[in-house]
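Below: one structure, written as C-alpha cells.
The values are calculated or read from the model by the stated rules, or taken from the named source; none is laboratory data. Because the structure is predicted, anything quoted here is derived from the model rather than measured. Positions of Cβ are generated from backbone atoms using ideal geometry, with glycine treated the same way; all protein chains shown enter the neighbour counts. Heads up: the accessible areas ignore ligands, DNA and RNA and are worked out on the full protein's heavy atoms, side chains in. Shrake-Rupley method; radii C 1.70, N 1.55, O 1.52, S 1.80 Å.
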Amino acid sequence: MISMLMLRGTLVLMGILTELYAKETTQDFISKYNNYNTVCRGMGYETRSCKGRNHGATAFHARIPSHLKNLGNRAVVVFRKVTLNSGSAYDGNTGIFTAPRDGIYSFTWTIMTIPGSTFHTEIVINGKLVGYNYADGKNGSSHFESSSATAMIRMKKKDKVWIRTHGGYGKYAHADWSSFSGFEL
C-alpha cells in the first residue's frame, strides 16, 4: 500500500509542476516549439505541413484498359485506367509518374501475357534503367503467365519514373490484369 507520506509528496510535486507549467505563456510554448524544430532540422528531419497535402498521401494505381500488342523496344507502357491518384503525380495519358517532392518511392508493376507470347518490361527513372520484369508465356504452358516486380527508388522533386518495354519483347499484355502502382514512403 502507498503510505500517506508518499501520497502527500506526490500531490505536492504535482502541485509544484502544475504551477510551473501554468505560468508558461503561449509565446514561451511557441519559442520552445521553434527551438525543437530547429534542432530536428539540424539533425536531418524535414518539416512537413498538413496544409494542402491531401493528408500527405502520394499514391496511385492504374491498369491497362485494353490489350497491348507488338510494342517496339523501349516503348512507354501507358496504364491508362487510373483507379487511384492521390496527389495527382501519375499521368494516365503519358504513363509517367512525376515526384511531387524529394523522397523514397515504392513502385510495383504486374504484367500478364497469353500462352505463347512475351511482354518484357523495365522501370526507369529519367530514362535510366532501374529494374526488369519478364512475363514469358513461351515456356510451353497453356496457361496465362504473369510476372510482378517492385522497385524502391530515391527521387528528387520533378524526377520522372515510367515502365517501358525491354528488348523488343512487348508482344502481348493482357488488359485489366496488368497494372502499375506506387506510393511515397
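Which of the residues belonging to region 81-112 are open to solvent by 60 Å² or more (accessible area, probe 1.4 Å), hydroxyl-bearing (Ser, Thr, Tyr) and closer than 19 Å to Trp177 by Cβ?
Thr83
State whether the residues of region 130-147 include one that is assigned to a loop (DSSP other than H, G, I, E, B), open to solvent by 10 Å² or more (accessible area, probe 1.4 Å) and aromatic (Phe, Trp, Tyr). Before you say what the answer is, go through the steps one by one.
Initially, region 130-147 is screened for residues assigned to a loop (DSSP other than H, G, I, E, B), giving 137-144.
So of that shortlist, the ones also open to solvent by 10 Å² or more (accessible area, probe 1.4 Å) come out as 138-144.
After this cut, where a residue has to be aromatic (Phe, Trp, Tyr) as well, the list is 144.
Yes, some residue in region 130-147 is assigned to a loop (DSSP other than H, G, I, E, B), open to solvent by 10 Å² or more (accessible area, probe 1.4 Å) and aromatic (Phe, Trp, Tyr).
So is Asp102 closer than 14 Å to Ile64 by Cβ and of a type in the set (Asp, Glu) or not?
Answer is no for this residue.
Mind counting the residues in region 70-88 that are within 18 Å of Arg164 (Cβ to Cβ) and in contact with a Ser or Thr (Cβ under 9 Å, 6 or more places away or on another chain)? Break it down into steps so the answer makes sense when it comes.
Taking region 70-88 and keeping what is within 18 Å of Arg164 (Cβ to Cβ), we get 70-80.
From the residues that got through so far, the ones that are in contact with a Ser or Thr (Cβ under 9 Å, 6 or more places away or on another chain) too are 71-80.
Number of matching residues: 10.
Which is hydrophobic (A, V, I, L, M, F, W, C), modelled with pLDDT under 95 and surrounded by 10 or more Cβ atoms within 10 Å (Cβ to Cβ), of Val78, Val12? I'd like the intermediate steps shown before the answer.
Details: Val78 fails: modelled with pLDDT under 95.
Testing whether each residue is hydrophobic (A, V, I, L, M, F, W, C), modelled with pLDDT under 95 and surrounded by 10 or more Cβ atoms within 10 Å (Cβ to Cβ) leaves just Val12.
For region 148-176, name all the residues that are open to solvent by less than 40 Å² (accessible area, probe 1.4 Å), among the charged types (D, E, K, R) and part of a strand (DSSP E or B).
Arg164
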